[in-house]
1. What ³J(HN,Hα) values, in whole Hz, does the Karplus curve 6.51 cos²θ - 1.76 cosθ + 1.60 give for region A:11-17 when θ = phi - 60°, with x put for Gly and Pro?
2. Looking at region A:36-129, what % of its DSSP beta bridges pair antiparallel, to the nearest 5?
3. For A:2-10, what's the mean count of beta carbons from other chains sitting within 10 Å of each residue's beta carbon?
4. Pairs of Cα atoms under 8 Å, at least six residues apart: use those to get the relative contact order of region B:2-143, whole percent.
5. If amide hydrogens are placed 1.01 Å from N in the peptide plane, which non-local residues have theirs closer than 5 Å to the one on A:GLU58?
6. Counting only other chains, and only Cβ atoms inside 10 Å, what mean value do you get across the residues of B:3-13?
7. Restricting to DSSP H runs of at least four residues, report the calculated mean residue ellipticity at 222 nm for chain A, -39500 (n - 2.57) per run over all residues, nearest 500 deg cm²/dmol.
8. Less than 15 Å Cβ to Cβ from B:LEU19, Lys/Arg counted +1 and Asp/Glu -1: what total charge do the surrounding residues give?
Amino acid sequence: MNRFYVVLTVLAVVLGVSVLALLKTSGGAPAAAAGPPPTVADDGFRGYSLGQESAPVEIVEYLDFECPVCATFATVQMPTIKEQLINTGRVRWRFRDYPLPIHKYSRFSAHAAQCAGAQGKYFDMQDQLFEHHQWAQTGKDPSSLFRTFAQAAGVDLKTYDACMESGKYAQRIEYSRQEGEKLLVDGTPTFFANGTKLFISLRRLPNSDDFKAVVDSISARPARR
Amino acid sequence: MRYRQTIAVLALVGCFVALYLWLHALGYGGAIKCGASGGCEIVQTSQWATFLGLPVAFYGVIGYLAVLVVALAALRPAALAQTSWSTLLALLATIGFGFTLYLTYLELFVIHAICRWCIGSAAIITLIWIVAMAEWIASGVRSPATRTDPAASRQQPGPRV
């Protein structure tokens, strides 16, 4: 056999083995951050919030980063809500995790947001996760894409990697989910205003006008003594 | 012959690069190995990662395979002197090179993310194009109309008298 064909065959075998090795060693989402934790503990954390502490109304949103409706709400409705209600001091908005079991990477994305939050970049990471939501439609492992998001959000990647690898916030996320379950959260996003579940009979995604009506209604009530 | 052998080797390497990207696009192997900058996921999940409903990398596999098969066919002893194979290789390489130019433009100016594997593939098809063009030009020089074959032009000894 001609020496050239021998070299070509050897090269094909080497390249084939290399591709197989690459596919096998491609790191997936760390199990500690992607799955439910074996135990649950309350670390006293009650979610990242936007708005003034003195705001008369607190809206709590239970969200799932893989949920397309949450992404639509965050990108379409939230900018107006921020402008009209949060920035004006009328509402404080608190974000709680409610990873739905039907979504493969819900916990993992929530964990990525928490790891970014540990570096003061929760909202930047939240923007990345919702604004580039096509990751949730591919069904593929988003680990390296999330690293790109974290980098764009200004997160130190070395610390982020260590946080994700250790699953540091897995218990916090599960605690939030169980809290939501006790409050009868049945989907995402689910909203509470000063502890009262909102829009129970609404058959569409609430918009800024719906929230304005809720805030107006609460503000119109006489203050309890 | 060296030109065609070089094209075959490059096409084989390119074929495996495209194969890896295609298998990743099909969901095999988890996160793509892309280095710290990690632009591959952005490119691979962008709207330009598919063409006519199929992953772009699939067309890469088909394209490199076509170049490899043609290069191997052109290396047969019977085909070595045929310039039509050089033309075919140059044509295939030019199509691949043009498609790669378009994809690289998308990465740089539309997606604003660089995928190292795509850059690797772009480098391979660029080399294939350069070698294929060099061979095509050389085959023109060697074409029957202008060829100076030392064996053919060698003076035959005349009959001895």
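1. 4, 5, 5, 4, 5, x, 5
2. So the antiparallel bridges in region A:36-129 amount to around 30 percent.
3. Numbers: counts 2, 0, 8, 4, 0, 2, 7, 1, 0.
Mean number of neighbouring Cβ atoms from other chains: 3.
4. About 38 percent, as a whole number.
5. Here A:ARG92, A:ASN194 satisfy the definition.
6. Numbers: counts 0, 1, 5, 0, 0, 4, 4, 0, 0, 5, 3.
Mean partner shielding for this stretch: 2.
7. Estimated from H runs of four or more residues: -14000 deg cm²/dmol.
8. +2
Every number in this text was worked out from the coordinates using simple rules, so none of it is lab data. Just so it is clear, the model here is predicted, and its values are computed rather than measured. Please note: Cβ atoms are built from the backbone with ideal geometry, for glycine as well, and neighbour counts cover all protein chains shown.
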